[in-house]
Number of protein chains: 2
Amino acid sequence: MHPLRKHIEELVELTDEEFDCILSHFEPIKKRKHQYIVQGGEHVDKEYWVLKGCLKSYVVDESGKEHILQFGMENWWITDYESFIKHTPSKIYIDCIEDSELLYITYENREKLTAQMHKMERFWAKKSKFGRIALQNRVLSLLKNSAKERHDLLLEEYPQLFQRVPKKLIASYLGVSRETLSRLFP
Amino acid sequence: MHPLRKHIEELVELTDEEFDCILSHFEPIKKRKHQYIVQGGEHVDKEYWVLKGCLKSYVVDESGKEHILQFGMENWWITDYESFIKHTPSKIYIDCIEDSELLYITYENREKLTAQMHKMERFWAKKSKFGRIALQNRVLSLLKNSAKERHDLLLEEYPQLFQRVPKKLIASYLGVSRETLSRLFP
DNA sequence: ATTTTCCCGTGACCTGTATCACACCAAAAC
DNA sequence: GTTTTGGTGTGATACAGGTCACGGGAAAAT
């Protein structure tokens with residue numbers, strides 16, 4: 001079964017025809033390590049689904065430091081939601097940590113697809129709810145947990161991440177410096 | 001026009017009949033300052049809309065310190081989304097900072113309403129998207145901004161808040177101690 | 001009216017984390 | 001193979017913000 005179908009069917013059931021229709025709204029794209037799919041200032045009109053590889057979305061502050069909002073690995077969706085939903089210029093960057101294979105859907109195609117297939121509207125609505133809950137928990141974690149606790153929680157939830165991405169990126173996701181993270185876990 | 005109707009019509013247009021139908025799915029409730037609408041451990045099956053007053057949703061850590069996730073004032077929705085959506089026991093508390101008048105809808109009624117009125121499904125979907133974007137920006141702000149910067153951004157975005165709620169709650173929302181906040185803005 | 005609680009500023013001190021600087025090593029680029 | 005780049009650990013030092021403690025005044029409770 002196509003991995004995207006498997007992914008969608010975790011939330012809604014599909015017939016063969018429905019999935020064919022869904023897939024026809026996507027385009028495949030390959031990107032190599034260090035290549036961008038979103039750069040700050042752009043208008044983002046695509047949402048990406050990761051078939052293979054690993055990406056990061058982040059902002060860059062005035063001092064040039066990166067702050068990671070999200071990683072994207074197999075079966076994850078990634079884009080700048082603010083730009084994608086509100087049609088505003090992007091504040092974030094997304095690039096590949098590894099060579100990656102992606103499927104993307106344009107805003108227009110997503111609108112078409114949700115209009116004609118109510119299941120997909122429900123699918124994305126659920127995704128949005130879960131994404132919101134995850135972000136809510138991340139806010140709470142940033143408010144109440146120490147760097148060490150945040151690290152342990154991340155390790156527990158996404159152990160694969162620690163095998164794949166450099167620790168300085170983990171540090172940037174957790175909101176601590178590379179050096180501090182290194183000292184916390186000798 | 002009913003304030004709830006005005007609120008909903010900011011995102012989707014309604015006929016009189018549609019709004020009557022919507023309103024019939026809600027119940028009014030009054031709560032006094034210090035009263036809870038959600039307490040940790042409960043199963044939350046209601047979403048609240050604030051007609052009048054002010055509330056806060058927060059977690060309590062092991063040391064007893066409160067960390068504020070969200071304030072709710074007029075025209076805001078408030079509940080524990082994680083518990084409400086996933087049907088898990090609540091990790092958060094919600095209580096009134098002022099005497100408040102609320103309208104609530106149960107999970108069941110919300111399901112009924114979204115099933116029979118597609119507009120409301122779209123309304124809540126949009127709300128969810130915007131909520132997610134707001135949380136995303138809050139995460140980024142916690143990662144990249146100092147306490148002072150976070151304060152200034154909050155003041156800019158929600159000046160009313162500073163007129164209504166004690167500064168210690170603002171501090172708790174920003175993720176700094178009351179004393180530090182007091183020193184930052186003498 | 002009196003008492004109690006809460007709000008808020010402020011001093012003294014402590015601690016977690018940032019920053020800067022350097023060194024080592026592995027992996028990528030040439 | 002050699003060079004360059006990037007990832008990681010570690011020391012020294014600086015600082016933002018936390019914690020504890022106190023007091024005064026406003027607001028709520030009695």
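I need the strands (runs of 3 or more DSSP E) fully contained in region A:29-72, keeping only those with at least 1 residues that are within 16 Å of DNA strand D (Cβ to nearest atom).
Ranges flagged: A:36-38, A:55-60, A:66-72.
Looking for something in a helix (DSSP H, G or I), in contact (Cβ under 8 Å) with a residue 24 or more places away in the chain and within 11 Å of chain B (Cβ to nearest Cβ) - is there at least one such residue anywhere in region A:151-169?
no
Does A:SER146 qualify as being within 12 Å of another protein chain (Cβ to nearest Cβ), buried (at least 18 other Cβ atoms within 10 Å of the Cβ) and of a type in the set (Gly, Ala, Ser)?
no
Could you list all residues from region A:46-71 that are under 19 Å from A:PHE123 (Cα atoms) and either modelled with pLDDT under 95 or away from chain B (no Cβ under 13 Å) (or both)?
A:LYS46, A:TYR48, A:TRP49, A:VAL50, A:LEU51
Counting residues that are small (Gly, Ala, Ser) and touching a residue at least 12 places away in the same chain (Cβ under 8 Å), which helices (runs of 4 or more DSSP H) fully inside region A:78-147 reach at least 1?
Filter on region A:78-147 gives A:81-86, A:118-144.
Here is a check on your reading of the model: is A:GLN116 exposed (fewer than 14 other Cβ atoms within 10 Å of the Cβ), closer than 27 Å to A:GLU47 by Cβ and either within 11 Å of chain B (Cβ to nearest Cβ) or within 14 Å of DNA strand D (Cβ to nearest atom) (or both)?
No; evaluated as a whole, the condition is false for this residue.
Any residue that is over 19 Å from B:LYS46 (Cβ atoms) and among the β-branched types (Val, Ile, Thr) - is there at least one of those in region B:148-169?
Yes; the residues of region B:148-169 include at least one that is over 19 Å from B:LYS46 (Cβ atoms) and among the β-branched types (Val, Ile, Thr).
Could you pull out the residue among B:ASP99, B:ASP61, B:ASP95, B:ASP80 that is among the charged types (D, E, K, R), within 14 Å of the chain's Cα centre (by Cα) and within 16 Å of DNA strand C (Cβ to nearest atom)?
B:ASP95
Counting just the residues of region B:159-184 that are among the small types (Gly, Ala, Ser) and under 19 Å from B:TYR58 (Cα atoms), which one comes out farthest from DNA strand D (Cβ to nearest atom)?
B:SER172
The values are calculated or read from the model by the stated rules, or taken from the named source; none is laboratory data. As the structure is a computational prediction, the values presented were derived from the model and not from experiment. Using ideal geometry, Cβ is built from the backbone for each residue, glycine included, and neighbour counts are taken over all protein chains shown.
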